[in-house]
Amino acid sequence: MAILEILHFPDPRLREITTPVTQFDAALSSFIDDMFETMYDAPGVGLASTQVGDTRRLAVMDCSDDKSQPIVMCNPRILWTEEAETVDEGCLSVPDHYDRVTRYRRLRFAAEDRDGTPYEMGAEDLLAQCVQHELAHLDGGLYIDKLSRLKRQRIRRKLAKAARRAEETS
Ligand code: ZN
């Protein structure tokens, strides 16, 4: 297994729109293992393919406290949602920033697992938020797209400064 590089906003690869996973093989499975390892190492509760420079339509999640509920979503789609609420959100591709966004509290989604077996699952609270967040990534979206343009520019400047600092000290 390997830790993959997580791309940071405003990397243009985060804007790629993914294409359906059609090949469910050992290579895919091994990529999924790498995504889990990368997500747990970060640490985060979800990771989408576009965040590591891949354009297959898949994401991994684990919202448990003890890494006990890994979920693979290949070709996910949301079936229904209910009850919008405002929640705090962050993203591994937008380090050190959190903001308030509107998400549905409950939903049901359909996806395929790493073998291509279709399943459906209900989700609420953090897991529901995570599903919405990861699906947005798969269409080239970031949660900060929901914020004002001014706020996004401020985040962009802050991250550029942090990247420069990291370069200077390396
Ligand atoms: Zn994210």
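The values are calculated or read from the model by the stated rules, or taken from the named source; none is laboratory data. Just so it is clear, the structure is predicted and the values come from calculations on it, not from any experiment. Virtual Cβ from ideal backbone geometry, glycine too; neighbours counted across all protein chains shown.
A few notes on this one:
- No other residue among LEU4, LEU47 is surrounded by 16 or more Cβ atoms within 10 Å (Cβ to Cβ) and outside any loop (DSSP other than H, G, I, E, B) apart from LEU47.
- Residue, farthest from the chain's Cα centre (by Cα), within region 119-170, restricted to residues that are assigned to a loop (DSSP other than H, G, I, E, B), surrounded by 15 or more Cβ atoms within 10 Å (Cβ to Cβ) and in contact (Cβ under 8 Å) with a residue 60 or more places away in the chain: GLY140
Residue-by-condition table, conditions (1) polar (S, T, N, Q); (2) in contact with a Phe, Trp or Tyr (Cβ under 6 Å, 6 or more places away or on another chain):
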| site | (1), (2) |
| --- | --- |
| GLY116 | no, yes |
| ASP145 | no, no |
| LEU150 | no, no |
| GLN153 | yes, no |
| LYS158 | no, no |
| ARG165 | no, no |
| SER170 | yes, no |
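- Residue check for THR81: at pLDDT 95 or above, closer than 28 Å to VAL21 by Cβ, within 16 Å of the ligand (Cβ to nearest atom) and of a type outside the set (Gly, Ala, Ser): no
- Selection over region 65-99 of residues that are part of a strand (DSSP E or B), more than 17 Å from the chain's Cα centre (by Cα) and among the charged types (D, E, K, R) gives a count of 3.
- Of all residues in region 13-29, those being assigned to a helix (DSSP H, G or I) and touching a residue at least 12 places away in the same chain (Cβ under 8 Å) number 5.
For (1) more than 26 Å from ILE32 (Cβ to Cβ); (2) within 16 Å of the ligand (Cβ to nearest atom); (3) of a type in the set (Phe, Trp, Tyr), each residue gets a yes or a no:
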| site | (1), (2), (3) |
| --- | --- |
| ARG103 | no, yes, no |
| PHE109 | no, no, yes |
| ASP113 | no, no, no |
| GLY116 | no, no, no |
| ASP139 | no, yes, no |
| SER148 | yes, no, no |
| GLN153 | yes, no, no |
| LYS161 | yes, no, no |
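- Scope region 145-170; condition closer than 14 Å to ASP11 by Cα and touching a strand residue (DSSP E or B) at 6+ places or on another chain (Cβ under 6 Å); matching residues: ILE155
- When LEU107, LEU126 are screened for being among the aliphatic types (A, V, I, L, M) and out of contact with any strand residue (DSSP E or B) (no Cβ under 8 Å at 6 or more places or on another chain), only LEU126 passes.
- Residue count for region 83-118 satisfying the condition of being loosely packed, with under 12 Cβ neighbours inside 10 Å, in contact (Cβ under 8 Å) with a residue 12 or more places away in the chain and not charged (D, E, K, R): 3.
- Residue count for region 30-56, restricted to those that are away from the ligand (no atom under 15 Å from the Cβ) and touching a residue at least 40 places away in the same chain (Cβ under 8 Å): 1
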